[in-house]
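What follows is calculated from the coordinates using simple rules that are stated; it is not laboratory data. In this text the structure is predicted, and so the values were computed from the model without any measurement. Heads up, the Cβs are rebuilt from the backbone with ideal geometry, glycines too, and the neighbour counts pull from every protein chain shown.
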Amino acid sequence: MIYLDYASTTPIRPEILKTYYKLLQDYYGNSDSLHDLGRESGKLMEQSRAQIAQLLHVYREEILFTSCASESNNAAIKGAAWQYAGRGKHLITTCVEHSSIHNAMEQLKEYFGYEVTYLPVNASGSVDVEALKQALRKDTILVSMMLVNNETGAINPIRACADYVHANSRALFHVDGVQALGKVEVDLSCVDLATFSAHKIYGLKGSAILYKKKHVELVPLISGGQQENGMRAGTSNAPVNIVFAKTLRLALEQQKEAYAHVKALNAHLRKEVSVMEDIVINSPQDGSPFILNISNLRIGSEIMLNALNAKGFAVSAQSTCSSHSKAVSAVLLAMGLGEQRATHAIRISLSHLTTRQEVDAFLQALKEINHDYRTK
């Protein structure tokens with residue numbers, strides 16, 4: 001099967017697997033134990049934390065290990081909301097966020113009485129800074145948004161948004177950087193909280209981090225221990241946390257070369273798809289080249305996914321975390337593209353592993369499917 005679903009997850013690098021297996025065999029001690037085996041695991045985990053911090057140009061104590069990006073998002077949003085409720089109970093996010101952010105906001109709204117403002121996006125899928133300016137209030141305590149949209153690849157103006165929030169309020173700024181890390185430039189100097197995941201950069205599933213700036217305080221989601229400076233109780237998954245540093249280092253070392261390779265593939269895809277009958281491109285031209293969202297106006301998303309799967313191609317429609325819910329893309333609706341495009345969309349996501357031959361084979365399959373349905 002030809003894999004074109006790298007925004008959902010990525011294969012693990014062989015060198016990461018090799019390191020992970022060795023860690024499982026040799027460093028299985030509880031990192032909180034006082035014996036030598038435990039101390040060694042703890043030492044390696046702290047070295048990994050320091051290396052991650054260095055790679056991201058932040059402080060070691062600002063890196064918290066978690067089990068997944070959804071946990072990191074929930075820890076940031078709920079933790080900040082509960083910690084700073086005395087300042088206000090107004091939260092701001094966008095209408096095109098990952099379900100872990102949207103649902104966390106809705107839970108705070110329904111069960112804890114918070115007010116949530118959902119910012120609109122423009123036709124390109126990006127947030128308008130002016131809309132943020134109008135939404136920001138004295139009682140706003142948190143603003144959260146993606147850096148790169150997981151369905152379309154649209155890139156938000158994080159620096160402009162964060163700078164305005166910090167200059168005009170006491171609110172914290174959280175960014176979901178899951179689809180950005182290792183692909184586009186990530187600057188944490190302007191944000192207070194950020195979420196990243198290992199399995200999107202050829203690392204392990206069940207491995208993520210939350211960046212939390214020094215001055216930020218959060219109410220922990222999990223109580224019962226002092227792990228992660230009291231922010232996440234429970235026995236640390238030392239081998240997973242240790243190998244995150246190597247995963248990140250390899251991704252960043254390859255980022256520039258991977259970007260150029262994928263950009264060329266994306267341009268080729270766009271050129272060929274743009275002349276196909278009944279197919280329209282939904283992703284913005286200036287978005288991340290790693291994601292291309294298209295709609296076949298005659299063929300619904302699920303039918304297209306199944307047809308491509310039958311021909312040996314793996315692609316997605318919405319975010320994987322939303323793929324078992326309603327078939328319409330809320331992101332495309334928010335962009336004003338209409339219900340037909342929103343119910344007929346698929347997402348092609350690329351990688352440095354993707355070849356020109358694979359892209360050409362996909363294009364041929366797309367043409368064949370399109371022809372078959374047009375002649376029915």
Checklist entry - In the range 1-53, if every C-alpha pair distance is counted and binned at 5 Å from zero, what percent goes to each bin? => result 4, 17, 15, 20, 17, 10, 8, 6, 3, 1
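Nearest 20 debye, what's the magnitude of the dipole of the range 244-376 about its Cα centre given +1 on Lys and Arg Cβ and -1 on Asp and Glu Cβ?
Numbers: 15 positive and 12 negative charges, 33 e Å.
Once rounded to the nearest 20, the dipole reads 160 debye.
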Checklist outcome for this item: Checking MET276, MET304, MET145 against a Gaussian network model of the chain (alpha-carbon springs below 10 Å), the top fluctuating residue turns out to be MET276
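What does the helix-only formula give at 222 nm for the chain: each DSSP H stretch with n ≥ 4 adding -39500 (n - 2.57), the total divided by the residues, and the result rounded to the nearest 500 deg cm²/dmol? Please report the intermediate quantities before stating the final value.
Details: 11 runs with 156 residues, N = 376.
Calculated at 222 nm, the ellipticity per residue is -13500 deg cm²/dmol.
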Checklist entry - Which angle from 0 to 90°, rounded to the nearest 10, does the C-alpha axis of helix 14-26 make with the longest principal axis of the chain? => result 30 degrees
Checklist entry - Quick one: length gained pulling HIS215 to SER33 fully straight, 0.36 nm per residue minus the C-alpha distance? => result 62.6 nm
Next on the checklist: Tell me which of GLY79, LEU34, THR10 sits at the most positive position along the dipole axis of the range 1-109, charges placed on C-beta atoms (Lys, Arg +1; Asp, Glu -1).
Outcome noted: GLY79
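How much of the pair distance distribution for the range 94-250 lies past 24 Å, counting alpha-carbon pairs only, in percent? Mind dumping the intermediate values first?
Details: 4657 of 12246 pairs.
Counting pairs separated by more than 24 Å, the tail of P(r) holds 38 percent.
Going down the table (LYS212/LYS256; LYS214/LYS246; LYS78/LYS212; LYS200/LYS256), which pairs top 20 Å between alpha carbons?
On the way: LYS212/LYS256 26 Å; LYS214/LYS246 24 Å; LYS78/LYS212 13 Å; LYS200/LYS256 17 Å.
Exceeds cut-off: LYS212/LYS256; LYS214/LYS246.
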Next on the checklist: For the range 245-376, take N as its residue count and report Rg(C-alpha) divided by 2.2 N^0.38 Å.
Outcome noted: 1.09
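Can you check how the C-alpha radius of gyration of the chain compares to 2.2 N^0.38 Å, as a plain ratio?
Normalised Rg, Cα atoms only: 1.02.
May I ask you to derive the FRET efficiency for ALA85 and ARG60 from their Cβ-Cβ distance with R0 = 30 Å, giving the value to the nearest 0.05?
Working: r = 29 Å, r/R0 = 0.97.
Approximately 0.55, to the nearest 0.05.
Using +1 on the beta carbon of Lys and Arg, -1 on that of Asp and Glu, and nothing else charged, what's the dipole of the range 93-139 about the Cα centre, debye to 20? Display every interim value, and only then the final one.
On the way: 4 positive and 7 negative charges, 27 e Å.
Roughly 140 debye for the range 93-139.
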Checklist entry - Angle, helix 99-112 long axis vs. longest principal axis of the chain, Cα atoms, 0 to 90°, nearest 10? => result 60 degrees
Checklist entry - Going toward the positive end of the dipole of the chain, with +1 on Lys and Arg Cβ and -1 on Asp and Glu Cβ, which of SER349, ALA123, ILE303 do you reach last? => result SER349
Checklist entry - Tell me which aspartates and glutamates have Cα within less than 17 Å of LYS183's Cα, excluding those fewer than 8 residues away on the same chain? => result ASP5, GLU151, GLU253, GLU257, ASP286
Next on the checklist: Rounding to the nearest 10 and keeping the result within 0 to 90°, find how far the Cα-based axis of helix 238-273 lies from the longest principal axis of the chain.
Outcome noted: 20 degrees
Item to check | Total charge dipole magnitude, the chain, about the Cα centre, Cβ charges on Lys, Arg, Asp, Glu only, Debye to nearest 20 | outcome: 140 debye
Next on the checklist: On a straight-distance basis, which lysines could pair with LYS311 in a cross-link, Cα separation under 19 angstrom, same-chain partners fewer than 8 positions away excluded?
Outcome noted: LYS367, LYS376
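Please compute the Kirkwood hydrodynamic radius of the range 22-94 from all pairs of different C-alpha atoms, in Å with one decimal.
Numbers: mean 1/r = 0.0670 Å⁻¹.
Answer for the range 22-94: a Kirkwood hydrodynamic radius of 14.9 Å.
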